[in-house]
Amino acid sequence: MGVRLVLEKRPERSRAMQVASPLLAVALTVLFGSILFAARGFDPLHANYVYFIGPLTTLWSVEELIVKATPLVLIGAGLAICFRADLWNIGAEGQLIAGALAGASIPILAPHWDSALAIPAMLLLGMLGGMAWAAVPALLRNRFGANEILTSLMLVYVAQYLLDWLVRGPWRDPQGFNFPKSIGFNDWHLLTTFGDGRVHLGAVFAVIAVIVLAVFMSRTLLGFEIKVRGEAPRAGGFGGFSQAGTTWLCFGISGALAGLAGICEVAGPVGQLQPTISPGYGFTAIIVAFLGRLNPLGALLGGLVLAICYLGGEAAQVELSISEKTAQVFQGMLLFFILTCDTLIRCRVRLEWATRNPSRQRQFIGLEGGASRTADAGGAAQ
């Protein structure tokens with residue numbers, strides 16, 4: 001005899017808990033983060049202040065918060081669309097890099113094209129590059145039934161190695177003292193910034209993308225199709241909705257926004273291509289999408305929360321002398337608690353007493369036509 005935990009689907013989900021779930025996940029992250037800080041010998045109150053409050057205390061830190069949140073919101077909003085359709089695009093980091101490479105080809109290969117049309121062309125190429133990279137797992141899923149989690153994730157490494165090869169080889173700055181980087185972008189090859197800070201036009205693109213996607217999901221037939229395909233795929237099939245078409249659409253949207261985030265990074269804060277242009281925005285945006293309840297508007301708030309984690313982690317490394325990996329533990333805990341809360345919203349935990357009978361009795365159950373089959377004594381057909 002033994003006891004096991006069973007997840008039993010709830011007949012109805014609590015709307016209040018669906019709203020409170022992200023807040024509860026953040027609260028649990030802070031609580032267990034305090035335990036982590038205490039175990040490392042730090043004052044939990046001071047450590048939490050450095051990590052969560054410090055990034056909001058100065059104008060410079062608020063500007064940096066917006067800069068960090070911009071790619072997270074862009075990618076997170078696109079991934080929210082994919083995940084809502086039950087399509088698991090885990091390769092947004094690769095799509096970000098592909099978009100950066102495609103858009104950066106203009107200032108690197110045509111540096112003399114320095115006009116007002118250069119930056120729109122860079123942004124367009126960045127979106128197309130991200131879409132093209134996302135189209136590969138979409139094609140493999142539609143044509144061969146390949147798992148999009150694996151294909152999109154493996155393409156991340158292809159993009160990273162391609163970037164590394166280009167900045168160390170064909171696209172390396174000939175006057176860069178042999179450092180692995182491209183030429184610096186100037187003038188019309190850089191995004192417009194606001195004031196004297198680093199906040200750039202990409203922040204406006206992120207807000208526009210969130211609003212457009214929110215209207216798209218709530219007011220259009222295609223948005224309704226995406227939700228139906230994710231929640232009730234059989235009903236979508238009966239309704240004539242195309243699964244292949246939904247896959248192309250969702251991967252195209254998420255890839256385009258990831259590519260836009262990539263070119264905004266290299267034409268904004270980074271200002272050139274280098275071996276690392278992202279601290280993992282494409283993976284962190286997965287947490288953003290879930291923290292935002294797979295809603296584009298929620299991704300805006302989720303991006304700000306994760307941007308605080310980035311800035312707080314950097315501040316904690318400087319002031320508390322903790323490692324980068326310790327700072328990243330907060331992101332992992334946040335994702336864990338979000339998924340746990342979501343699971344408990346859908347299911348309830350029940351204890352079940354399991355009895356083992358070594359001598360399993362079997363009986364014959366007559367079938368039509370005189371045939372027979374065996375079954376357990378409990379009546380379960382074999």
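The values are calculated or read from the model by the stated rules, or taken from the named source; none is laboratory data. It should be emphasised that the depicted structure is a prediction, and the values quoted were computed from it without experimental measurement. When we count neighbours, we look across all protein chains shown, and the Cβ atoms used for this are built from the backbone with ideal geometry, even at glycine. Side chains included, ligands, DNA and RNA excluded: accessible areas come from the protein's heavy atoms. Shrake-Rupley method; radii C 1.70, N 1.55, O 1.52, S 1.80 Å.
Computed on protein heavy atoms with a 1.4 Å probe, the accessible areas place PHE185, PHE283 in the order PHE283, PHE185, largest first. Evaluated at q = 0.08, 0.10, 0.13, 0.20 Å⁻¹, the base-10 log of the normalised Debye intensity for segment 16-169, with identical point scatterers placed on the Cα atoms, takes the values -0.39, -0.59, -0.89, -1.19. LEU213 sits among other residues whose Cβ lies under 15 Å from its own Cβ, and their net charge, with Lys and Arg +1 and Asp and Glu -1, is +3.
Accessible area per residue was computed with a 1.4 Å probe on protein heavy atoms; MET154 scores about 120 Å².
Rounded to the nearest 10 degrees, the inclination of helix 148-168 to the longest alpha-carbon principal axis of the chain is 20 degrees. Against the main long axis of the alpha-carbon atoms of the chain, helix 118-144 sits at an angle near 20°.
When the residues GLU265, GLU319, GLU314 are ordered by accessible surface, computed with a 1.4 Å probe over the protein chains alone, the sequence from largest down reads GLU319, GLU314, GLU265.
Within the accessible area of the chain, the carbon and sulfur atoms contribute 64%, probe 1.4 Å, all protein chains present.
Accessible surface computed residue by residue for the chain, with neighbouring protein chains in place and a 1.4 Å probe, gives 52 Å² per residue.
Recomputing volume of the Cα convex hull per residue in Å³ from the coordinates shown identifies the correct label among (1) 142; (2) 215; (3) 162 as (2). Taking every Cα-Cα distance in segment 41-108 and sorting them into 5 Å bins starting at zero, the pair-distance distribution P(r) comes out as 3, 13, 14, 14, 14, 14, 14, 9, 3, 1, 0 percent. Computed with every protein chain present, the accessible area of ILE97 is close to 10 Å² [probe 1.4 Å].
The largest accessible area among GLU12, GLU63 belongs to the first residue in GLU12, GLU63, and the rest follow in falling order (1.4 Å probe, all chains). Site pair GLU352 and GLN328 shows an inter-label distance of 3.7 nm when each label is modelled 7 Å from Cα along Cα→Cβ. Here the extension length gained between ARG15 and THR343 equals 116.7 nm, from 0.36 nm per residue of separation less the Cα-Cα distance. Working note: 222 nm ellipticity from helices only, DSSP H runs with n ≥ 4, each -39,500 (n - 2.57), summed and divided by the residues of the chain, gives -21500 deg cm²/dmol to the nearest 500. Counting only alpha carbon atoms, the long axis of helix 92-109 and the longest principal axis of the chain meet at about 20°. Here the calculated FRET efficiency for ARG198 and GLU231, from their Cβ-Cβ distance with R0 = 41 Å, stands at 0.50, rounded to the nearest 0.05. Projecting the Cα atoms of LEU294, THR343, GLN274 onto the charge dipole of segment 214-364 (Cβ charges, centred on the Cα centre) puts THR343 farthest toward the positive pole.
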